[in-house]
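Bear in mind these aren't lab numbers, they're just calculated from the coordinates by the rules spelled out. Everything quoted here is computed from the prediction, not taken from an experiment. We place every Cβ from the backbone using ideal geometry, glycine too, and count neighbours over all the protein chains shown.
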Amino acid sequence: MTEQPQGPPPGYVPGQWGGPPAGYPTAPPPGYGAPPGYGPAPGYGPAPGYGPPAGWPPYPGPQHGGPSPYPPRRRRWPWILALCLVLGLGGCGAIAYTVYRTSIAPARQAVDDYYGALARGDDRAAFEEVCPGAGITFDVFTRLVDAKPVLRWRTSTVNVSTVNGSTSGTVGGVVTYRDGTTRAGVVDLVKQRGGWRLCGGLLSPNAP
């Protein structure tokens, strides 16, 4: 059996059944292939990070419950408080030392010099420590102090004060006489231009 070539059916009109219209080529022109395909859109890399500057250690991120990677901050206020206390105590000490050196020590020394001169039998040196306005002459002074010679003197207290520009003080202590008797009392002093002077109190055995 011989196969017959198939062709368009009888009465076929080009373009009538959905084919290309008459005169339209059924094949693409030479050199024109399928339309170029579109590949995937170019990808975008990750956004630039906002990390630490170059050379800095990386930020470790938040940590909860663990030790901090950074050293703890030192509190400076205890050192500042200690420094203020030291400076304050040093200032108070300097003031106290100045008062002692300029007032208390010289007043005590004046009384020690007075009784030291009497213990040596130097009535003239002792009389130089007495106030010029005490109203007593050297002869009277000598009769008073020689009636009961002094052996030694021991200072126990010193008080100094300044009122209305006038500085005065008292020195308390115990005097021991050569006969073995003792007497406790206070010597009154006034600070004058030439230094401290003894103006009353326990200046002689007969003093009240």
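If the chain between Arg152 and Arg183 were fully stretched, how many nm would it gain, using 0.36 nm times the residue separation less the Cα-Cα distance?
Numbers: separation 31, 0.36 × 31 = 11.16 nm, distance 1.11 nm.
Contour length minus the Cα-Cα distance gives 10.1 nm.
Using θ = phi - 60° and the Karplus form 6.51 cos²θ - 1.76 cosθ + 1.60, what ³J(HN,Hα) does each residue of region 184-197 get, whole Hz, x for Gly and Pro?
Using θ = phi - 60°, the values come out as 9, x, 10, 9, 8, 10, 9, 8, 10, 4, x, x, 7, 10 Hz.
Work out, step by step, the length gained on full extension between Val163 and Ile136: first 0.36 nm times the residue separation, then minus their alpha carbon distance; give nm to one decimal. Mind dumping the intermediate values first?
Working: separation 27, 0.36 × 27 = 9.72 nm, distance 2.63 nm.
So the extension gain works out to 7.1 nm.
If we sort 110-117, 138-145 on the protection proxy, mean other Cβ atoms within 10 Å, highest first, what's the order? Working shown, then result.
Working: 110-117: 20.4, 138-145: 14.1.
In decreasing order of mean packing, 110-117, 138-145 become 110-117, 138-145.
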